[in-house]
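Before any comments, here is the structure.
The values are calculated or read from the model by the stated rules, or taken from the named source; none is laboratory data. Bear in mind that the values here come from a model prediction, so they are computed numbers and not experimental data. All Cβ positions, glycine included, derive from the backbone under ideal geometry; neighbour counts span all protein chains shown. Note: accessible area is taken over every heavy atom of the protein model, side chains too, but ligands, DNA and RNA are not part of it. Shrake-Rupley method; radii C 1.70, N 1.55, O 1.52, S 1.80 Å.
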Amino acid sequence: MKRIRAYIIRVGIYIGKILLNIIYFFIKLLPVKEKVTMLSRQSDKINIDFELIEKEILKRTDRVQIKILCKIIRKDMKSRFLYCFYILKCMYHIATSKVCILDGYSIPISILKHKKGLKIIQIWHASGAIKKFGYQALNKKEGRGDGVAKLMDMHKNYTHVLAPSKATGRFFAEAFGVGEDKIVINALPRIDYLLEDNFTEQKIKQFYKEYPKYKYKKIILYVPTFRKDKENNAQELIKNIKNSKYQLIVKPHPLDKTKINSRYKVNQKYNTYDLLKIADYIITDYSAVAFEACVLEKPLYFYVYDINEYEKTRGLNIKLFDEMSNCTSTSIKEIINSIENNNYDFNELNKFKTKYMGKDHHNNTDKLVDFIFEYLSEEPKNEEENKNFTHEHSEEKLNI
């Protein structure tokens, strides 16, 4: 029965792809506009990267249309049925845009045949890749099967892929199955948000007003990666952080079902980037939040209690025990001891940061929008800066 069901699903998907391409053929007859469309299925809310890109474009001109479409595919049948109509909406905006930006796999982007002039920029929803993903993790327990990847044209049609450094670009090239000529070296706009000084003062003041007891404590932030059918190890941290001068905050992945005592959680209005700014110490495992954390130059620890199993089920790009040996451990007690003894190797952190996030961490939004404007008729206000970026971009093509 399972084989028959799987076969029916595959045939249904194949027929669906043909029908969508037929519909799209007629939609593509519509004229292209001075428009940038941004697509995400990571959340139903606009993410910080899209928000900053939109803000920067609007600051430069009001003659470029911007459409942002964010919607999660939910598992129930009704939601999946309605998602089909949402795809039709996406198809219209993709067909009438000059530039599309996405932060993950997008069904209409990958399965459809687009106009030749359309530029599709994959910025991804993470600043790097400690764990393997996409084509790197095919047929792994936590990855996709190659049959599904082929059927759904996984990560096809990208004209450009954003990466913060050459080392990270190599991982992204493998994961998306693209050549070196498609990698553009530029960090995500969210890094600008993290490094903004005004944000620090306002958010910290707001946070401590809401949580006055935390003001005189050292905050340890735990941000674990998502594990399929598994809980994170937050309880081990709770048991081992006994010193009253520390306050633990747990920020699980949005899909994580682990039950956490409310004492160790904060209001959802504080996103991960807000908490990275507020924290004194950051503990993660294989989460890409490590790359954002390292830019802030705060003590960053890797609690990898299941590293041997994770290597088998997912695979890792970075050998943490080699590159971050002084702050990587399978024992939370060891990490807590390092925090209490104020024993941290910042030289190791800086090497990690430079290798995977590059040397220049500022003006990422400006440079990305400069790049977007290369494919629009509307010129940015500062033409000289745009010319400079174009030259720098050509010099920084990834060499794999």
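Rounded to the nearest 10 degrees, the angle from helix 166-176 to the longest Cα principal axis of the chain is 50 degrees.
Over segment 126-253, the hull volume per residue, using the convex hull of the C-alpha atoms, is 158 Å³. When the C-alpha to C-alpha distance is required to be over 20 Å, the pairs from 55/359; 67/131; 228/333; 259/298; 230/312; 131/359 that qualify are 55/359; 67/131; 228/333; 259/298; 131/359. Between amide H atoms placed 1.01 Å from N, distances below 5 Å from residue 330 occur with 304, all of them 5 or more places distant or on a separate chain. Rounded to whole numbers, the Karplus 3J(HN,Hα) couplings from phi for segment 98-103 are 8, 9, 10, 10, 9, 10 Hz, using 6.51 cos²θ - 1.76 cosθ + 1.60 with θ = phi - 60°, and x at Gly and Pro. Computed from Cα atoms, the angle from the helix 77-95 axis to the main principal axis of the chain rounds to 60 degrees. Testing the spin-label approximation: label points 7 Å from Cα along Cα→Cβ at residue 263 and residue 140. State their distance in nm. Label at residue 263, label at residue 140, 3.6 nm between them. Working from label points 7 Å from Cα in the Cα-to-Cβ sense, the residue 181 to residue 77 distance is 4.8 nm. Between the amide H of residue 38 and those of 67, 68, 69, 101, distances stay under 5 Å, these residues lying 5 or more places away or on another chain, with hydrogens modeled in the peptide plane. Take segment 49-204 with all the other protein chains still there, run a 1.4 Å probe, and you get 45 Å² of accessible area per residue. The aspartates and glutamates within cross-link reach of residue 257, meaning a Cα-to-Cα straight distance under 13 Å and a gap of 8 or more places when in the same chain, are 229, 231.
Qualifying GluC sites (Glu not before Pro) in segment 228-323, where qualification requires a DSSP coil assignment and no more than 13 other C-beta atoms within 10 Å, comprise 297. Mean sequence separation of contacting Cα pairs (under 8 Å, at least six apart), scaled by the length of the chain, corresponds to a relative contact order of 18 percent. Among 274, 322, 366, the residue with the largest mean-square fluctuation in a Gaussian network model of the chain, with springs joining Cα atoms closer than 10 Å, is 322.
Dipole size of the chain about its Cα centre, with +1 on Lys/Arg Cβ and -1 on Asp/Glu Cβ: approximately 2160 debye, rounded to the nearest 20. In plain terms, the chain from residue 59 to residue 13 could stretch by 12.4 nm, reckoned as 0.36 nm per residue minus the Cα-Cα distance. In plain terms, the chain from residue 2 to residue 342 could stretch by 116.8 nm, reckoned as 0.36 nm per residue minus the Cα-Cα distance. When the solvent-accessible area of the chain is split by element, carbon and sulfur atoms take up 51 percent of it, the probe being 1.4 Å.
In the context of the full set of protein chains, segment 265-325 has a per residue accessible area of 34 Å² (1.4 Å probe).
Backbone amide hydrogens, once placed in the peptide plane, bring residue 131 within less than 5 Å of 317, excluding anything fewer than 5 places away on its chain. Computed log10 I(q)/I(0) for the chain at 0.09, 0.10, 0.11, 0.13 Å⁻¹: -0.59, -0.73, -0.88, -1.21, from the Debye equation with unit scatterers placed on every C-alpha and solvent omitted. Considering only Cα atoms, the convex hull volume of segment 48-91 works out to 73 Å³ per residue.
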